[in-house]
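Some notes on the structure that comes next.
Laboratory data are not the source of any read-out in this text; all were calculated from the coordinates shown. All of these numbers come straight from a predicted model, not from anything done at the bench. Methodologically, a virtual Cβ is constructed for each residue, glycine included, from the backbone with ideal geometry; neighbour enumeration extends over all protein chains shown.
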Amino acid sequence: MAALLNRVETFLFLAVLLTLSSPGFCQERTVAITVDDLPYAGSTQGQRVPPPTLDEARETNAKLLAALKRHRVPATGFVIQKTVEKLGGNEILERWIAAGNDLGNHTYSHKSANALDVASVKTEIEKGEIAFVPLMERAHKRQRFVRFPFNHTGDTKEKHDAIAEYLKERGYQLAACTIDNQDYVFNDAYLKAQALGDVQMAKRIKAAYLNYTDQQIDYYASLNKQVLGREPPQIMLLHDNKLNADAADEVLSIFESKGFKFVSLAQAQADPAYQTPDTFYTQFGWMWGYRWARQLNVRVDGSQEKEPPEWIPDYLSR
Ligand SMILES: [Zn+2]
């Protein structure tokens, strides 16, 4: 009798497991994590802070990679070749690949396409391949993604279409992104607090960052749902910076607590939403929800999107 009950229990357990894991059971939320400005994003404050050192970059990436691994995230990192050359070598990129992540092209020198002609955009992409393409090939990965600096994808129809045609010829897919949390603004403030040795302020900034990230995930998820009538796989845009190295565990846990499963960028972009014809020309780096809204003629109210708390830029300008 006990053995029979055990078998019944095992059967029921397996049946529940199968139901939960079958795709039709419930709409599964998925998100791809993308990290820009590899091998190190540093600060956007230019001359006001010292240039990053290789040690800083190593430490930041080690923390980031450890968090990605703990949460089983198949991430994609977008490489700025000029930073690779400045920091002197491929070591950090090799670690990203060895940990099972993908690399993509973030151009050679991170210039806005708005300020370049088509020939220069092509050169930026080709020179951007020097380190990441051989590393991806060695790992037998053929997928090629490019993300343009500031998500500037061509500000006129002529430029936009010429760039799109060129990407196709060269075997690239344009990397989309659907959620942005202005991590670079918080990171600048975080670096300032750390440079001043203000531990309390650094903590306060990190807490505000996590709170804002939580809000932005909900905001963009509902925007995308409004535009498409369903929630597509999301694509989170983060940067390779110190704040994310210290906050990655919490950021990834926020996604988990909202029921998201982590997928690769290629898996996310296999969704038909990302085949929406790209016929929208802008000088701005809009997230894809806003682009889809324009392309599909859905009226959305971007003023509902909140900015980071005012005390963050205030602290930076002090
Ligand atoms: Zn960038």
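Would you mind computing, in nm to one decimal, how far apart the modelled labels at R142 and K69 are, each placed 7 Å from Cα along Cα→Cβ?
Result: 3.0 nm between the two label points.
How far apart, in nm, are two points set 7 Å out from the Cα along the Cα-to-Cβ line at A115 and at Y166?
1.7
So which trypsin sites (Lys or Arg not before Pro) in the stretch 42-98 end up in coil per DSSP with only 13 or fewer other C-beta atoms within 10 Å? Before the final figure, lay out the partial values.
On the way: sites: R48, R58, K63, K69, R70, R72, K82, K86, R95; in loops: R72.
Qualifying residues, ordered by number: R72.
Given an 8 Å cut-off on Cα distances and at least 6 residues of separation, report the relative contact order of the stretch 80-235 as a percent.
Numbers: 159 pairs, mean separation 29.4, N = 156.
Answer for the stretch 80-235 is 19 percent.
How big is the chain along each principal axis, measuring the range of its Cα positions in Å and listing the largest first?
Principal axes ranked by extent give 77, 50, 45 Å for the Cα atoms.
Report, in cubic angstrom per residue, the convex hull volume of the C-alpha atoms of the stretch 229-318. List each step's numbers first, then the result.
Working: hull volume 14.8 nm³, N = 90.
Spread over its residues, the Cα hull of the stretch 229-318 gives 165 Å³ apiece.
Averaged over all directions, how much area does the convex hull of the C-alpha atoms of the stretch 109-161 cover when projected, in nm²?
Across all orientations, the stretch 109-161 yields a mean hull projection of 3.9 nm².
How large is the helix-only mean residue ellipticity at 222 nm for the chain, computed as the sum of -39500 (n - 2.57) over DSSP H runs with n ≥ 4, divided by its residue count, in deg cm²/dmol to the nearest 500? Display every interim value, and only then the final one.
On the way: 13 runs with 161 residues, N = 318.
Value at 222 nm, helices only, nearest 500: -16000 deg cm²/dmol.
The stretch 221-279: which trypsin sites (Lys or Arg not before Pro) are DSSP loop and have at most 14 other beta-carbon atoms within 10 angstrom?
Values: sites: K225, R230, K242, K258, K261; in loops: R230, K258.
Hits after loop and neighbour filter: R230, K258.
When the scattering of the stretch 36-167 is computed by the Debye formula from its Cα atoms alone, each counted once and equally, what is log10 I(q)/I(0) at q = 0.14, 0.17, 0.18 Å⁻¹?
-0.65, -0.92, -1.01
Kindly rank 32-44, 183-195 from highest to lowest mean number of other beta carbons found within 10 Å of each residue.
Values: 32-44: 24.3, 183-195: 21.6.
Sorting 32-44, 183-195 by mean packing, highest first, produces 32-44, 183-195.
Check which residues have an amide H placed less than 5 Å from R29's amide H, if you skip close sequence neighbours.
For R29, whose amide H was placed from the backbone, the distant partners under 5 Å are K261.
Non-local amide H neighbours of G128 (under 5 Å, H modeled in plane, Pro and chain starts lacking H): which ones?
Residues meeting the criterion, in which the H sits 1.01 Å from N, are Y108.
So what's the stretch 40-96 giving for Rg/Rh, alpha carbon basis, Kirkwood Rh from the mean inverse pair distance?
Details: Rg = 12.2 Å, Rh = 12.4 Å.
Using only Cα positions, Rg/Rh for the stretch 40-96 is 0.98.
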